[in-house]
1. Out of the residues in segment 64-87 that are at pLDDT below 90 and within 16 Å of the ligand (Cβ to nearest atom), which is surrounded by the fewest Cβ atoms within 10 Å (Cβ to Cβ)?
2. Could you tell me how many of the residues in segment 118-154 are assigned to a loop (DSSP other than H, G, I, E, B) and under 30 Å from residue 281 (Cβ atoms)?
3. Only one residue in 114, 118 is of a type outside the set (Gly, Ala, Ser), away from the ligand (no atom under 14 Å from the Cβ), under 28 Å from residue 288 (Cα atoms) and surrounded by fewer than 19 Cβ atoms within 10 Å (Cβ to Cβ), so which one is that?
4. For segment 70-81, state whether one or more residues are of a type in the set (A, V, I, L, M, F, W, C) and within 27 Å of residue 225 (Cα to Cα).
5. Go through 263, 232 for me and flag whichever is under 24 Å from residue 93 (Cβ atoms) and among the basic types (Lys, Arg).
6. Which one of the conditions (1) of a type outside the set (Ser, Thr, Tyr); (2) under 18 Å from residue 108 (Cβ atoms); (3) surrounded by 14 or more Cβ atoms within 10 Å (Cβ to Cβ) does residue 39 fail to meet, given that it meets all the rest?
7. Residue 90 is checked against (1) in contact (Cβ under 8 Å) with a residue 24 or more places away in the chain; (2) surrounded by fewer than 20 Cβ atoms within 10 Å (Cβ to Cβ) and fails just one. What number does that condition carry?
8. Of all residues in segment 139-169 being more than 10 Å from the ligand (Cβ to nearest atom) and more than 20 Å from residue 248 (Cβ to Cβ), which is nearest to the chain's Cα centre (by Cα)?
Amino acid sequence: MIIQRVTDVTEKEFRTRHANVNKPIIVRSAIRDWPALQKWSLEYIAEHYGHEKVIFRQPYADSTGEEDREWTLREFVEALQSGEEPRPYLNQVKLRDLSERLRSDIGTLEIAKNNRLNRSRLLPESMKLDAGKKALFVGDRGSGFGMLHWDYSYLHVYISQIRGSKEFLLFSPEDTPHLYQHPIHEGASSIKDINNYNPADYPDLKKATPVRFTLQEGETLFVPGGWWHATKMNECSISVAESALTHSNWTQRYRWFAKQFRKQGYSPTKVVLFRLYMFGLGRFLDTLEKVT
Ligand SMILES: O=C(O)CCC(=O)C(=O)O
């Protein structure tokens, strides 16, 4: 499969032709008005936002036992530029924890305007996204998010490339049987780093169909819920990811939660009531957003 690139797509076209059919797509013009696209570089971030504190943790540090570190953005940029190995990758830094001034460099995405995570007052507590909707990722040649995964609870993700480029590897949900799904964490593969593994240990991987491409500066990638993805960088890369719940992943997501609730021992009545509420709320939001 070759990833399609489109320019100047309206929200309605994006939704009906792309999001609703659950296919990844790259939109070329979605962030052209973001001030960050004109302003940001590693040097700019260090100079203007260098004092801001971020929690740094290499992707999937859990498995190495590595501790979270609190760094300033300046310290992080210096570590990245010093050539330290393994190359650090600032990942999943919640924008809401950064200053209003920094956040004002990031605009909105018209194609994500019906993100139902923004309607948190209507969502049951358990379905809100504690992790925050938008996150900053900063790396350089050698950095990467090598753990193949799909996003928690079938959320979609829009990844906007502000500076440099980033290589992506995607697999469709249909390839799940060949991707060595983790026995406990169903959203992750047991292959710890897809950028560095022994193919002889994972022979079934050959049966899956990789989708490889490079996201270029100024482009926005849409990764639908349930699509496996991993990244690596060959140059400086600054991007912002926005998690999204929309009409197209609504049912899949609430059914997934219902399954978790059953596993956690919730009473069948509670689970049925939850499903009824989510079904009704979905219909209501469909009408409000005029998506059907
Ligand atoms: O941009 C990256 O390196 C990884 C992003 C990602 O996996 C995500 O936002 O789900």
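The values are calculated or read from the model by the stated rules, or taken from the named source; none is laboratory data. Predicted model, so just to flag it, every value in this text is computed and none were measured. Here Cβ is always computed from backbone atoms with ideal geometry, including for glycine, and neighbour counts include all displayed protein chains.
1. In this case the residue turns out to be 86.
2. Residues that pass the stated criteria total 14.
3. 118
4. Scanning segment 70-81 turns up no residue that is of a type in the set (A, V, I, L, M, F, W, C) and within 27 Å of residue 225 (Cα to Cα).
5. The conditions single out 232.
6. Here residue 39 meets the rest and fails (3).
7. Just one mismatch for residue 90, condition (2).
8. If we take residues in segment 139-169 being more than 10 Å from the ligand (Cβ to nearest atom) and more than 20 Å from residue 248 (Cβ to Cβ), then 169 is nearest to the chain's Cα centre (by Cα).
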